[in-house]
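Working notes, beginning with the structure itself.
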Amino acid sequence: TTPAKESKVDVLIVGAGPAGYMAALWFARLGIKTKIIDKRSTQIFTGQADGLQPRVLEVFETFGFVDRAIKEVAVGYEACFYEPDENGLIRRVDKLPEGVPGISRFNGSVIHQGRIETWLSDAITEFSNGTLNVERPYLPQSLEIEAADTPTPSEYPVKVVLKKLPDDNASPEQFGHKVQNGLYRQFGGDQQNPVPGAESGDDLETVHAKYVLGCDGAHSWVRKQLGIEHKGETTDYVWGVLDIVPVTDFPDIRKRCSIHSKDGGSIMVIPREDGIVRFYIQLREGDHIATVDPAEPTTTPTGEKKPATRVDRTKLTAEHILATAQKIMHPYSLEVAEMHWFTAYQIGQRVATAFQKDQRVFIAGDACHTHSPKAGQGMNVSMMDTFNLAWKLAYVIKGLAKPSILPTYESERMTVAQDLIAYDQKLSRLFSSKPGEISTDEFRRVIDQGSAFTTGCTVNYQTSLLIDKPAAEDNVTPYYSPLATKLAIGMRLPDTKLVMQSDARPWYLNQRLPSTGQFRVLVFIGDYAQTPALKAQMEAIGAYLAKPENSLQRLRTDGVLQTMLIHASPQAKVEWDDFPLVFRPRDERGVMDYWLVMADTPSLHETTGNAYETYGIEKGVGALVVLRPDGYVAKVVEPTVEGVKGVWDWLSQFVVGLTPTEI
Ligand code: FAD
């Protein structure tokens with residue numbers, strides 16, 4: 001059948017879950033011609049993932065909608081641990097801070113996935129002036145990538161044929177329960193079960209794309225088209241999830257709790273928005289019906305294949321899961337005032353063996369990695385995958401950067417995925433163990449150690465074209481330049497509060513670093529007012545950057561590079577006219593930009609003045625810090641003209657049209 005419609009786009013995104021939405025958000029922000037499709041006729045409104053880690057909230061802030069999150073979410077501050085006492089009754093044995101106090105301005109927060117997708121979708125509408133919307137329900141039929149050795153390469157080398165589904169065929173039917181749940185039957189939109197009829201070309205469309213992103217979830221069709229294996233195993237752990245407004249005498253119901261009962265199993269309690277509480281409940285034999293499914297064999301990490309044991313989800317009811325929860329919570333009572341959602345699932349711990357094919361078609365999110373939801377990471381890591389990938393694609397599509405930056409997506413994000421699975425395996429084993437098999441101390445130690453990881457703030461990207469540090473032996477040990485001894489290269493810039501020089505208003509630095517797609521050079525010029533050498537360096541950098549023949553000046557004019565100055569001189573010694581004009585530029589009307597000079601100085605109103613200390617930068621020496629568009633520290637050099645030339649040399653490795661300097 002010949003498709004009736006044809007279209008050309010820079011990027012086609014298959015799947016509008018958290019990963020697809022985050023990609024679309026970047027593309028909308030950066031003006032990339034994008035098409036995003038989903039096989040479902042509507043977005044989700046209840047259930048599914050609910051955890052937002054601090055790092056993702058920082059990212060939401062850079063896109064301007066973290067305020068919406070703060071108004072609506074439930075925030076975790078304390079975690080309680082319950083164990084059986086000598087009478088076999090559960091009692092609280094410990095209370096720890098939730099997350100890592102001080103690692104971010106945001107604490108881990110929870111709200112259902114549908115709300116988060118709404119914020120993302122609204123921001124996409126705003127950035128794209130309403131031109132980018134999810135097209136539903138569409139199902140891809142075929143995907144072809146032009147061979148790399150084609151004599152006349154096309155500008156749009158990926159071809160995908162899409163089929164428009166009838167709306168009534170694109171809502172998965174639930175397994176016969178009244179409450180919204182995640183126990184779906186296959187539906188017409190599942191590739192295993194194609195829609196009968198509807199084979200005329202009228203409902204088909206051929207999309208020619210420069211790049212395709214498979215953000216189509218754990219059973220990714222795109223991944224299968226690329227022949228990429230999803231390596232790992234399906235565990236025997238079966239978990240039920242209940243989202244309820246509870247009626248209970250359990251005293252810590254509004255705190256996060258891990259409860260290990262004597263012989264009823266384990267529960268995680270996660271207080272949510274609007275009085276809802278989510279319960280993750282481990283189901284045991286007898287609580288569920290397990291069947292062996294030879295059709296979907298499991299590949300173990302050693303490559304061995306074995307038939308998977310699958311839970312028969314059709315037989316599970318919310319009442320059934322609740323009864324297990326009541327048993328674990330005993331002697332506390334647990335009844336339901338409102339039931340919002342429930343599901344049951346078996347944990348699969350898998351990582352795709354590649355995250356791309358030919359650097360043309362990429363997969364992200366659950367398509368790359370699946371694991372248990374206990375660490376609350378699924379949705380977060382999925383969004384951070386495309387937060388990492390999409391700006392790089394935008395740079396290449398706009399002709400600003402060479403395609404050689406693209407492999408950093410797979411190298412950076414596969415490491416994160418593998419770390420996540422390793423942590424999840426540890427955590428799953430602990431949760432599924434019986435009291436006595438593993439000591440409470442070990443349990444709490446693993447949770448405590450994992451806390452930093454689950455904030456998302458400790459991701460440490462390795463040496464590459466986009467991260468300039470000596471090649472490390474592992475990706476765990478942070479690398480610090482002697483110029484900034486607490487600012488790890490490869491990690492996100494920790495936040496700190498500064499004072500805007502022009503109007504004395506205190507700002508968190510992250511609020512001044514929106515996701516605009518710019519690389520940023522932060523010139524920490526120290527106490528220039530009391531250090532003549534630094535004053536001379538500042539003036540020399542200003543004069544150098546201002547030269548019209550200077551390529552860095554071109555990058556600044558194009559908006560690819562933003563330069564900001566952060567000094568540490570006492571206000572009494574500072575005058576606005578001290579600062580070179582490149583840090584106080586005027587637009588064509590002569591209006592000055594007042595927002596590029598900040599001071600690490602005590603504010604008269606709020607606590608500020610610790611930035612140099614926080615970053616380990618000496619006020620008499622200074623440093624020049626380069627940030628990538630996604631806020632990760634890429635390079636640290638001295639704040640001199642030589643240092644600036646070093647940044648130019650570094651950028652010229654991947655920015656189109658820059659040539660290395662002669663120093
Ligand atoms: P998804 O959110 O799965 O989004 C994929 C999107 O692609 C969907 O909208 C889907 O309709 C669409 N799609 C799929 N195939 C195609 C196709 N061929 N063509 C077009 N569109 C397609 N995580 C937790 O942390 N806690 C939980 O309790 C939890 N419960 C879950 C319950 C269910 C039923 C599911 C499905 C997931 C759950 N998760 C949970 C996982 C969490 O939702 C994911 O980690 C997260 O959503 C991953 O984001 P993603 O964008 O990669 O994929």
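Take the conditions touching a Gly at 6+ places or on another chain (Cβ under 8 Å) and of a type in the set (A, V, I, L, M, F, W, C) and apply them to V110. Does it pass? Yes, satisfied.
Within region 1-29, being open to solvent by less than 20 Å² (accessible area, probe 1.4 Å) and more than 6 Å from the ligand (Cβ to nearest atom) holds for V9, V11, L12, I13, Y21, M22, A23, A24, L25, W26, F27, A28. Annotation for region 64-73: no member residue is open to solvent by 40 Å² or more (accessible area, probe 1.4 Å), touching a helix residue (DSSP H, G or I) at 6+ places or on another chain (Cβ under 8 Å), within 16 Å of the ligand (Cβ to nearest atom) and touching a residue at least 40 places away in the same chain (Cβ under 8 Å).
When residues in region 425-480 are screened for being at pLDDT 85 or above and of a type in the set (D, E, K, R), 2 of them pass. Against the definition (in contact with a Ser or Thr (Cβ under 6 Å, 6 or more places away or on another chain), in contact (Cβ under 8 Å) with a residue 12 or more places away in the chain, crowded, with 17+ Cβ neighbours inside 10 Å and part of a loop (DSSP other than H, G, I, E, B)), how does S428 come out, yes or no? So S428 does not fit the description; no.
So that you can scan it fast, the table gives a plain yes or no per residue for (1) of a type in the set (D, E, K, R); (2) more than 13 Å from Q501 (Cβ to Cβ); (3) assigned by TED's automatic domain parsing to the domain that holds D600:
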residue	(1), (2), (3)
A546	no, yes, yes
L552	no, yes, yes
D558	yes, yes, yes
Q562	no, yes, yes
K573	yes, no, yes
D577	yes, no, yes
L581	no, yes, yes
D587	yes, yes, yes
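Name the residue, out of E606, E613, E588, E618, that is part of a helix (DSSP H, G or I) and open to solvent by 10 Å² or more (accessible area, probe 1.4 Å). Result of the check over E606, E613, E588, E618: E613. Pairs are defined by a Cβ separation below 6 Å, a sequence spacing of at least 6 or placement on different chains, a first member in region 354-383 that is closer than 13 Å to V416 by Cα, and a second member that is charged (D, E, K, R) and outside any helix (DSSP H, G or I); the pairs so defined are T370/R350.
Pick from region 235-247 the residues that are more than 17 Å from H112 (Cα to Cα) and within 15 Å of the ligand (Cβ to nearest atom): which of them is modelled with the lowest pLDDT? The qualifying residue modelled with the lowest pLDDT is Y237.
Residue-wise test of (1) closer than 16 Å to F453 by Cβ; (2) open to solvent by 10 Å² or more (accessible area, probe 1.4 Å); (3) not basic (K, R).
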{"residue": "G348", "(1), (2), (3)": "no, yes, yes"}
{"residue": "F355", "(1), (2), (3)": "no, no, yes"}
{"residue": "I363", "(1), (2), (3)": "no, no, yes"}
{"residue": "A367", "(1), (2), (3)": "no, no, yes"}
{"residue": "H371", "(1), (2), (3)": "yes, yes, yes"}
{"residue": "A375", "(1), (2), (3)": "yes, yes, yes"}
{"residue": "F387", "(1), (2), (3)": "no, no, yes"}
{"residue": "K392", "(1), (2), (3)": "no, no, no"}
{"residue": "V396", "(1), (2), (3)": "no, yes, yes"}
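Note on region 529-571: residues that are modelled with pLDDT of 95 or more and loosely packed, with under 12 Cβ neighbours inside 10 Å total 1. Kindly indicate the residue of region 486-508 that is of a type in the set (A, V, I, L, M) and more than 20 Å from the chain's Cα centre (by Cα) and also surrounded by the fewest Cβ atoms within 10 Å (Cβ to Cβ) among those meeting that condition. Applying the filter and picking the extreme gives A504. Kindly provide the set of residues from region 227-272 that are crowded, with 21+ Cβ neighbours inside 10 Å, aliphatic (A, V, I, L, M) and touching a residue at least 60 places away in the same chain (Cβ under 8 Å), ordered by number. Scanning region 227-272 gives I228, V238, V241, L242, I244, I259, I267, I270.
The values are calculated or read from the model by the stated rules, or taken from the named source; none is laboratory data. Since we're looking at a predicted model, the values are computed, not measured. Heads up, the Cβs are rebuilt from the backbone with ideal geometry, glycines too, and the neighbour counts pull from every protein chain shown. In case anyone asks, the SASA skips ligands and DNA or RNA and just uses the protein heavy atoms, side chains included. Shrake-Rupley method; radii C 1.70, N 1.55, O 1.52, S 1.80 Å.
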